[in-house]
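The values are calculated or read from the model by the stated rules, or taken from the named source; none is laboratory data. Keep in mind that this is a model prediction, so the values were computed, not measured. Using ideal geometry, Cβ is built from the backbone for each residue, glycine included, and neighbour counts are taken over all protein chains shown.
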Amino acid sequence: MIHNDKIKTFLQGLLRSYSQIFFSDNCWFAIPLLGITFLDISAGITGLVCALTANIAASLLKFDRLTISKGFYGFNSLLVGLGLGYYYDFTLVTLVVAGFAGFLTLLVTITAQGILGKYYLPFLSIPFLFGIWIVISGVGMLSGTVDNLSGIYLLNRLFSLGGHPLVNLNEWWVKNVTSDFLDSYFLSLGAIFFQFNVFAGIVIAVSLFFYSRIGFLLSILGYTVAYLAYSFFGMDMTQLGYSYIGFNFVLGAIAIGGYFYIPSRQSFFWAIAITPVIALVAAGLFILLKPFNITLLSLPFNIILLTFIYSLRFRTSSGNFKEVQIQEGTPERNLYSHQSFTKRFPNFGWTNIKLPFYGEWFVSQGQKGELTHTGDWSDAWDFVIIDSDQKQFKNHGSFLEDYYCFGQNVLAPADGAVVIAEDGIDDNNIGEVNTVKNWGNTIIIKHSEGLFSKLCHLQKGSISVKPGDNVHYGQIIAKAGNSGRSPYPHIHFQLQPTPYIGSKTLHYPLFAYILEGKEVKTFSYPEKDQKIMSLEENFFLQKAFNLMPGTKLKWNIKSPKGENHVIWEVLTSSYNVSYIYCHSTKSIAHFKNDGVHFYFTYFDGDRTSLLYYFYLAAFRIPLFQMDQNITSDTLPVNQTFKGSRLFLQDLCAPFFMYLKASSQVRTEIKGSQFDTDQYTYYSRLTGYSFNRLIWEKYFLLMVNKDNSLVFKNLSEKLEAICEPY
């Protein structure tokens, strides 16, 4: 099994060496690209030998298997081999040189990865430039090499591939298509693989279109702008096609418009704006390098793209022009994943600050309050407990003990380290205040750089932590009191950017709480006169969805197609992302559990599998106790639509989204709060095109007291039961 995995990794790396030239790890896209390299037999063979050598050497030297399988270590060597075969016919000498050239380029690739990786920059095709310049310069001095003249035998190559129909098609193109723009566009695409003919460019263009509509649009856009720039400045138009310059604009537009940056209006704008700059650099370098007989190849593209990416790292704000953090495989996936993620998690990366108490409390003074929460200290809350008569106290409220919140536990609102714990200040009698020790007994906790929480007016002698102590969310750290400038018992709670008593407040939301006993709020701001309650951990659901790495789940499935079973295993990726892996279908689904919700973030695999249906049904489900709660979410369209609808959406996705998919989950609880028998999640998924409903899907997921799960796809009449494995 291990041997088979190694072979699979090697073959994937070899094939993807072809598609990585277009920043792709798609094997299907790589197949036609590999095929067109053999329009020139010499280039095809030497290119394959170079790529083989690089991938074999990378495997033998024990480089990262994932990087090898993605084709990152092979594509530069492939380009060197293609260039070698384009200039020289394949002989025993050139084949041997191709092997050594592939190894040399691999070493340069690793070096470039190490140097540029320190600055989080891609090495692009810099190793190819170094390798091809060295190899071509050196091979001319060797005996046993023959110039490659196969370019003049294009018709023979076409005939050997497709017979008379292909030859006739080529003749039709030559006679009827007189557009210099189209000719030079396709020649530029073919030139990427050292195939100097229109036919190769057409195959690449068609393959690119089916692989990525956004990538195809950007290729046309980049070349069009370059064509217009050359025309406007009166530059030599033949350089675009006949000196291998044109593909710089194609690759530059794809890289900026859809690969390194999220496809958007802004990315398309910058793809356009950068193209004349590449043209200017290309023109200048062409003159500078001409005396040395060095061809430009992809040098302008590399220089401008690296300087562009590096320069943008110094922005103070990314705005709507955002860099891709994790590559999803295509510009479309990058876009749809980004759109879904930003809608679902607008506060991603923020620290989860929760309420500093359990039970239901009342906001007696909110942010920008009319009393003390003003000016630089406006973003704070005062919390008390009230009864059904809206009173804070029993009896006459003359004594501290009459107030419901006095002496109640105060909790750490998040994990952190205590920086200040000031105790020893007497609690005031009702109606009196201490203006000397304004904040009273106080605890300040550091949660991250620039984020501190402060809890004030605490009961004298109740503080159980000291500076330097690490605390975790929910830990009892003090009790509510009436010290400092506090006429009646309450908790003053605020977030601030510095660790000092008296610091200015910070406008920062609370992670999750229940409003008025019926609505769950996440990353929101409690307001005056609202009743709010902490979302307490539900051990019943937490246990059911505590999917730790190594956990295995066995599902017994019944459907109209018969009965079978599948095994799921919980694993962790190299990015420390937890995911479920289905051994039967090889499908994966990334998930998270933040203590409030269990939700999925990504799926890849068989869309008829149980894991895919489960991914849809449990896209976001609540893990707290609230009967008839409705949880809504937005699904990525590429995970819910397919076929012509998604194909057409791809074409305009950076500018306009007309497809939408959403999910609603209703929770039904059987049993009491303290003895729950079953949680049932009813999921309804809907798909819209131009706000018109076009499909619906219904699912049911039951979590039983014995921790067993029952899942039903009501639309497909499928039922599955999960038992401990």
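Details
- Looking only at region 544-571, and only at residues there that are in contact (Cβ under 8 Å) with a residue 40 or more places away in the chain and assigned to a loop (DSSP other than H, G, I, E, B), the one that is farthest from Lys705 (Cα to Cα): Pro560
- Every listed requirement among (1) of a type in the set (Ser, Thr, Tyr); (2) assigned by TED's automatic domain parsing to the domain that holds Ala720; (3) in contact with a strand residue (DSSP E or B) (Cβ under 8 Å, 6 or more places away or on another chain) is met by Ser574 save one, (3).
- Of all residues making up region 669-725, the number that are closer than 20 Å to Tyr599 by Cα, free of Cβ contacts under 8 Å to residues at least 24 places away in the same chain and hydroxyl-bearing (Ser, Thr, Tyr): 4
- Here Leu106 fulfils each of the conditions (1) among the hydrophobic types (A, V, I, L, M, F, W, C); (2) touching a Ser or Thr at 6+ places or on another chain (Cβ under 7 Å); (3) more than 17 Å from Leu297 (Cα to Cα); (4) surrounded by fewer than 24 Cβ atoms within 10 Å (Cβ to Cβ) apart from (4).
- Number of the condition not met by Phe210 [criteria: (1) modelled with pLDDT of 90 or more; (2) surrounded by fewer than 20 Cβ atoms within 10 Å (Cβ to Cβ); (3) over 18 Å from Gln20 (Cβ atoms)]: (3)
- Some residue of region 405-416 being without any contact (Cβ under 8 Å) to a residue 60 or more places away in the chain, buried (at least 16 other Cβ atoms within 10 Å of the Cβ) and in a strand (DSSP E or B): yes
- Test: residue in region 572-580 that is part of a strand (DSSP E or B), touching a Pro at 6+ places or on another chain (Cβ under 6 Å) and surrounded by fewer than 15 Cβ atoms within 10 Å (Cβ to Cβ): yes
- Residue that is surrounded by the fewest Cβ atoms within 10 Å (Cβ to Cβ), among those in region 673-700 that are among the polar types (S, T, N, Q) and on the phi < 0 side of the Ramachandran plot: Gln673
- Taking the criterion of being surrounded by 21 or more Cβ atoms within 10 Å (Cβ to Cβ) and assigned to a loop (DSSP other than H, G, I, E, B), the residues of region 489-534 that qualify are Pro489, His490, Pro526.
- Residue in region 337-344 that is on the phi < 0 side of the Ramachandran plot, in a helix (DSSP H, G or I) and among the charged types (D, E, K, R) present: yes
- Evaluation of Val703 against the conditions (1) surrounded by 18 or more Cβ atoms within 10 Å (Cβ to Cβ); (2) under 30 Å from Tyr658 (Cβ atoms); (3) among the aliphatic types (A, V, I, L, M) shows that the sole unmet condition is (2).
- Pairing residues of region 266-287 that are surrounded by fewer than 17 Cβ atoms within 10 Å (Cβ to Cβ) with residues that are not in a helix (DSSP H, G or I), at Cβ distances under 6 Å and at least 6 apart in sequence or on separate chains, gives Leu285/Leu296.
- Residues of region 636-657 satisfying the condition of being part of a helix (DSSP H, G or I) and free of Cβ contacts under 8 Å to residues at least 12 places away in the same chain: Gly643, Ser644, Leu648, Cys652
- Lone qualifier among Leu611, Leu616, Leu623, Leu659 - being surrounded by 16 or more Cβ atoms within 10 Å (Cβ to Cβ), under 21 Å from Leu709 (Cβ atoms), in contact with a helix residue (DSSP H, G or I) (Cβ under 9 Å, 6 or more places away or on another chain) and modelled with pLDDT of 95 or more: Leu616
- Subset tally (residues that are over 23 Å from Asn438 (Cβ atoms) and touching a His at 6+ places or on another chain (Cβ under 8 Å)) for region 354-393: 0
- Residue count for region 16-33, restricted to those that are buried (at least 21 other Cβ atoms within 10 Å of the Cβ) and either in a helix (DSSP H, G or I) or at pLDDT 95 or above (or both): 10
- Test for Thr295: is it outside any helix (DSSP H, G or I) and among the hydroxyl-bearing types (Ser, Thr, Tyr): yes
- Region 459-482, residues that are closer than 25 Å to Glu432 by Cβ, crowded, with 19+ Cβ neighbours inside 10 Å and out of contact with any Lys or Arg (no Cβ under 7 Å at 6 or more places or on another chain): Ile463, Ala478, Lys479, Ala480, Asn482
- From Ile420, Ile443, Ile430, residue being in a strand (DSSP E or B) and in contact with a Pro (Cβ under 9 Å, 6 or more places away or on another chain): Ile420
- Against the numbered list (1) of a type outside the set (Ser, Thr, Tyr); (2) surrounded by fewer than 16 Cβ atoms within 10 Å (Cβ to Cβ); (3) more than 43 Å from the chain's Cα centre (by Cα), Glu360 comes up short only at (3).
- The set of residues in region 497-555 that are in contact with a Cys (Cβ under 9 Å, 6 or more places away or on another chain) and farther than 30 Å from Tyr581 by Cβ contains only Ile501.
- Looking across region 5-40 at every residue that is of a type in the set (A, V, I, L, M) and farther than 18 Å from Ala191 by Cβ, the one that is farthest from the chain's Cα centre (by Cα) is identified as Ile7.
- Residue in region 467-476 that is in a loop (DSSP other than H, G, I, E, B), without any contact (Cβ under 8 Å) to a residue 24 or more places away in the chain and over 37 Å from the mean Cα position of the chain (by Cα) present: no
- When region 227-239 is filtered for residues that are within 14 Å of Leu187 (Cα to Cα) and modelled with pLDDT of 80 or more, only Tyr227 remains.
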